[in-house]
1. Calculated from DSSP H runs of 4 or more alone, at -39500 (n - 2.57) each and per residue, what is the 222 nm mean residue ellipticity of chain A, nearest 500?
2. Only Cα pairs within less than 10 Å get springs; with that Gaussian network setup on chain B, which residue of B:250, B:101, B:135 has the largest fluctuation?
3. In Å, what is the Rg of the alpha-carbon atoms in region A:195-344, and how long is Dmax?
4. Under the rule a/c < 1.5 gives rounded, and otherwise a/b versus b/c splits prolate from oblate, where does region A:460-536 land using the Cα gyration tensor?
5. Largest first and in whole Å, give the semi-axes of region A:409-466's equivalent ellipsoid, each being the square root of 5 times a Cα gyration tensor eigenvalue.
6. Which of A:246, B:153 comes first, and how do the rest follow, when ranked by fewest Cβ neighbours within 10 Å?
7. Please compute the contact order of chain A in relative form: average sequence separation of alpha-carbon pairs under 8 Å and at least six residues apart, divided by the residue count, as a percent.
8. Would you mind estimating how fast region A:84-167 diffuses translationally, via Stokes-Einstein at 20 °C and 1.002 mPa s with the Kirkwood radius over Cα pairs, in µm²/s?
């Protein structure tokens with residue numbers, strides 16, 4: 001009897017443990033967030049909310065107030081504070097406010113002179129001459145001289161070490177400073193996209209503490225950094241643009257968990273919450289506002305062209321006709337995305353080839369016909385591997401599988417770990433089909449070079465001599481108009497060849513306090529706080 | 001006292017019978033195709049057409065819960081079978097032979113027991129690729145120590161009993177002694193252990209699927225449905241509630257049954 005009493009207590013405890021566990025599991029559903037990080041893909045399976053596709057700041061009724069502090073939520077720590085060593089997108093997101101290069105990108109992805117005042121490119125494209133803006137000061141009060149630019153860019157190009165810190169500087173042979181306000185950069189080979197590289201940070205000559213106390217020329221200066229907690233910036237009063245910035249202090253608070261971040265934002269602890277899930281935008285009250293717009297992310301369904309049956313262009317076209325992109329945008333992104341037709345987001349304004357998004361209209365019968373022509377009248381089976389950490393891509397896969405089943409293509413979804421995806425699919429090209437989002441670059445060459453037949457990143461297994469030739473021609477083409485036309489031709493070719501199914505550029509949502517204004521969304525992974533201000 | 005334990009057991013049985021029937025019916029009929037999407041009709045609240053509403057892709061939640069109950073029972077049954085067979089071999093050998101065999105086997109079982117269950121399942125599922133089959137095996141392995149201990153202690157209790165000694169004296173083989181003379185006496189604790197293991201198995205399956213390591217999309221599982229629903233909890237609470245309630249009910253049912261059975265057994269002895 002005594003034993004059974006003991007046993008019963010033991011069993012009861014177990015019992016309650018199990019019940020509590022169930023409860024916790026149910027609660028987890030309520031509390032835990034999807035913590036998907038590495039690339040700026042939308043983090044949740046759900047989207048919803050304000051479909052206002054404007055990247056422009058929302059007009060505010062109140063008048064501008066100068067000064068004030070802002071807390072911005074970021075999901076991760078910076079990798080390096082030294083701008084020449086940092087590679088993580090999460091770092092440039094913060095340090096965009098601290099550092100500037102000779103040139104700087106604006107919210108349309110165009111470059112404009114920052115530390116430089118003007119520049120000239122020699123007709124052969126090998127020599128770049130920059131005149132520096134006068135009165136630009138580092139955060140330590142010293143003014144920027146040509147020697148600082150020379151030091152910074154030589155460091156990046158690895159002139160002394162032989163190892164460039166940034167690949168885009170690999171073709172630099174010399175950086176010269178003929179006088180205090182002139183910088184001349186010489187290249188080994190002509191590279192029309194080299195200007196984008198010149199957005200890289202200029203730091204003071206021989207400054208060794210960049211990784212602990214970074215000094216730049218940006219609108220904000222670095223104050224302190226507490227790993228895992230926050231990074232604080234303060235207004236640079238000597239900034240060369242009048243009236244910029246408006247804010248006195250910006251704190252980037254590091255909150256990796258989406259759910260915790262949401263609570264912090266809702267309780268008023270933070271003022272700006274970038275990359276908030278669309279379904280969360282709807283939960284916010286009137287004291288908040290949302291900004292949504294394309295983020296220069298190309299979400300694609302890729303099939304391995306080197307493998308049967310995708311070596312047949314008719315099969316690829318059939319898949320394109322079978323995928324209903326509108327339904328995908330509606331179902332997975334809750335309508336918050338823009339339809340694509342080739343491998344470039346419309347946010348790349350000048351390079352974007354319009355009219356391709358409906359090149360393959362949704363048409364089940366046509367898809368079936370094309371499949372029959374290719375000898376797959378009964379359809380076929382295919383494995384669709386998706387990175388399991390991206391709920392967004394997994395959800396896309398579910399809907400796509402459903403759509404493809406209507407034309408007889410039986411899809412088996414195989415969720416794979418992110419590390420496995422990178423190793424096996426991205427590097428090893430060992431897959432049948434997959435869904436992924438490619439993040440944007442300012443230079444269309446860097447976006448499209450994945451399709452070069454000899455590129456190690458050509459996981460599409462796309463192989464077209466015309467494509468290779470045209471893309472290579474863009475590198476040396478100095479005439480901007482001709483160069484743009486070449487990029488447009490490339491997009492058309494990818495669409496015609498049905499190199500992949502180009503699905504959408506899902507909108508990026510940013511939630512802000514209602515009385516913040518002037519926020520600009522970039523086609524880059526940055527938060528620009530120089531234009532943000534409080535209103536009353 | 002008597003009536004209370006019978007009541008507990010009956011309640012447990014009733015719940016299991018209800019869920020079991022639902023799982024059985026889902027083999028033949030579900031109201032809607034479980035994977036058929038209807039984007040226009042997503043997140044509908046419960047109503048006459050969709051009893052439990054629809055999910056984020058407009059799939060019928062009731063159909064998916066039904067289909068998932070089938071998976072849950074399958075996982076429970078397979079895992080308990082694995083645990084029972086392996087647990088019987090280990091427990092019976094250890095208990096019957098005793099001595100160093102017992103020491104070695106039981107220390108191994110202790111080691112397995114000392115390892116956190118979910119973590120072990122996670123490791124097993126991660127090493128092999130995640131799918132339903134791996135999950136069932138992992139959960140089965142998890143339930144081995146429980147069975148092995150119950151069976152071993154049963155053998156310890158009865159192997160020196162007079163009727164066993166007598167049978168052996170009459171020249172009965174080991175197999176006869178184990179199966180004919182000892183087993184009948186320890187069937188009821190095994191049933192109790194099986195009932196409780198069943199509920200644990202269903203919970204672990206839900207947890208693994210919740211983490212994306214069990215049932216794979218688009219197929220429904222209670223755990224997966226919970227994880228899918230979490231983004232919509234503010235907007236569509238029924239989406240999370242349906243799988244949550246079913247997990248809780250199943251676990252409750254098997255635990256009530258196990259408890260009731262045990263109480264009844266304790267009365268008899």
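1. -8000 deg cm²/dmol
2. Highest fluctuation of the listed residues: B:101.
3. Reported Rg and Dmax, both Å: 22.4, 62.
4. Note, shape of region A:460-536 comes out prolate.
5. Working from the Cα gyration tensor, I get semi-axes of 22, 14, 11 Å.
6. Placing the least packed residue first, the sequence is B:153, A:246.
7. Across chain A, relative contact order equals 23 percent.
8. Here the translational diffusion coefficient equals 148 µm²/s.
Bear in mind that the values in this text are calculations on the coordinates, not laboratory data. Nothing here was measured: the structure is a model prediction, and the numbers come from that model. Note: ideal-geometry Cβ built from the backbone for every residue, glycine included; neighbour counts use all protein chains shown.
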